[in-house]
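Structure first, then comments.
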Amino acid sequence: MTGVTGVTGVSSADLLERWDRQQAAYIAEREGRFAAMLDVLDLQCGGEPAVVVDLACGPGSLSFRVLERFPRARVLGVDHDPALLALAREAGERYGDRVAFVDDDLTADGWVERLRAHVGDEPVAGVVSTTALHWLSPAQLVAAYRDARDLLADDGVLLDGDHFRYDHRQPRLRSWAAEHDRRTQEAAFDRGAEPWDTWWSELSARAGYAELVAERDRRFADRPAPEATGVGFRLAALAQAGFAEHGTVWQLFDDFVVYGVA
């Protein structure tokens, strides 16, 4: 992947690759999670989804993997982080009009209607998200799932991959998962993965990005992370949102991919 080079001399492609390495420090078998999601899209959509929507897409890690796996698919990424969206747009230039990244807030009324203007008449075969929707409150999550169901074509599939933490009722699993996370991070940082703050400092040094990072901080200043919820809550939220079928398709300790079929 090529990419625009910023004032620091670091290309968008390089920053995206480093983002992926950093994220893999916090998400064991991250590529396995991605692969499971892509396999489900393939199986449910007959090998070639028309349009896939990536919710809270960040810099486009999953969006670009969808584009590579399905050469005729179109992807719409939605996020409210202006800095990560700018990086995604730079890194996505090689895909031309097969990908677009939209600035919108999943907690705001009307985001689905605004997104439909970008979708056009093509059916939305899949709505996907990874390591993102845990930032929504329980009520906001149910609403986002319901909106995603309404966006999907008949038999379209929603896929949400994230850590769904264990609580006091499963002390051994909770302990094993925490230790597995610790070992994963230790090994990744020993191999040279950079800390979160270092990556963001590099991004901020690119021309025009300091202002975008400042705007990002302003937008999310009053949005503390909600209390973690378990996979049972996600499955209940999918049922509450009206998905005809729902369940899990992948798991590693407390890291899951859940699905819902419209």
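The values are calculated or read from the model by the stated rules, or taken from the named source; none is laboratory data. These numbers were taken from a predicted model, which means no experiment stands behind them. Don't worry about glycine lacking a Cβ; one is built from the backbone with ideal geometry, like all the others, and counts go over all protein chains shown.
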- Task: May I ask you to list the residues in region 234-250 that are out of contact with any Asp or Glu (no Cβ under 9 Å at 6 or more places or on another chain) and either free of Cβ contacts under 8 Å to residues at least 12 places away in the same chain or in a helix (DSSP H, G or I) (or both)?
- Result: L235, A236, A237, A239, Q240
- Considering only residues that are outside any loop (DSSP other than H, G, I, E, B) and touching an Asp or Glu at 6+ places or on another chain (Cβ under 9 Å), look in region 149-171 and name the one that is surrounded by the fewest Cβ atoms within 10 Å (Cβ to Cβ). H163
- Among the residues of region 219-233, write down those that are loosely packed, with under 14 Cβ neighbours inside 10 Å and not in a helix (DSSP H, G or I). A221, D222, R223, P224, A225, E227
- Of the residues that make up region 234-250, is at least one closer than 25 Å to L43 by Cβ, among the hydroxyl-bearing types (S, T, Y), within 19 Å of the chain's Cα centre (by Cα) and surrounded by fewer than 20 Cβ atoms within 10 Å (Cβ to Cβ)? yes
- Within region 40-54, restricting attention to residues that are closer than 19 Å to D155 by Cβ and at pLDDT 95 or above, which residue is surrounded by the fewest Cβ atoms within 10 Å (Cβ to Cβ)? L43
- Message: Within region 16-43, take every residue that is assigned to a loop (DSSP other than H, G, I, E, B) and in contact with a Ser or Thr (Cβ under 8 Å, 6 or more places away or on another chain) and give me the one that is nearest to F64 (Cα to Cα).
- Response: I27
- Collect the residues in region 127-148 that are outside any helix (DSSP H, G or I), within 14 Å of F233 (Cα to Cα) and either among the small types (G, A, S) or touching a Phe, Trp or Tyr at 6+ places or on another chain (Cβ under 6 Å) (or both), keeping them in residue-number order. S137
- Note on the structure: Listed by first then second residue, the pairs whose first member lies in region 207-222 and is more than 17 Å from A56 (Cα to Cα), whose partner is not hydrophobic (A, V, I, L, M, F, W, C) and not in a helix (DSSP H, G or I), with beta carbons under 6 Å and at least 6 positions apart or on separate chains, are A207/G6
- Task: Answer yes or no as to whether C57 is at pLDDT below 95 and surrounded by 19 or more Cβ atoms within 10 Å (Cβ to Cβ).
- Result: no
- Of the residues in region 60-83, those that are in contact with a Lys or Arg (Cβ under 9 Å, 6 or more places away or on another chain), closer than 18 Å to R218 by Cβ and crowded, with 23+ Cβ neighbours inside 10 Å number 1
- Message: Looking at R216, R174, can you tell me which residue is of a type in the set (K, R), modelled with pLDDT of 95 or more and buried (at least 18 other Cβ atoms within 10 Å of the Cβ)?
- Response: R216
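Please determine, by comparing only the residues of region 203-233 that are of a type in the set (A, V, I, L, M, F, W, C) and closer than 30 Å to G156 by Cα, which one is farthest from the chain's Cα centre (by Cα).
In the first step, residues of region 203-233 are kept if they are of a type in the set (A, V, I, L, M, F, W, C); the result is 203, 205, 207, 210, 212-214, 220-221, 225, 228, 231, 233.
Now narrow it down to the ones that are closer than 30 Å to G156 by Cα: 225, 228, 231, 233.
Working: A225: 16, A228: 17, V231: 17, F233: 19 Å.
If we take residues in region 203-233 being of a type in the set (A, V, I, L, M, F, W, C) and closer than 30 Å to G156 by Cα, then F233 is farthest from the chain's Cα centre (by Cα).
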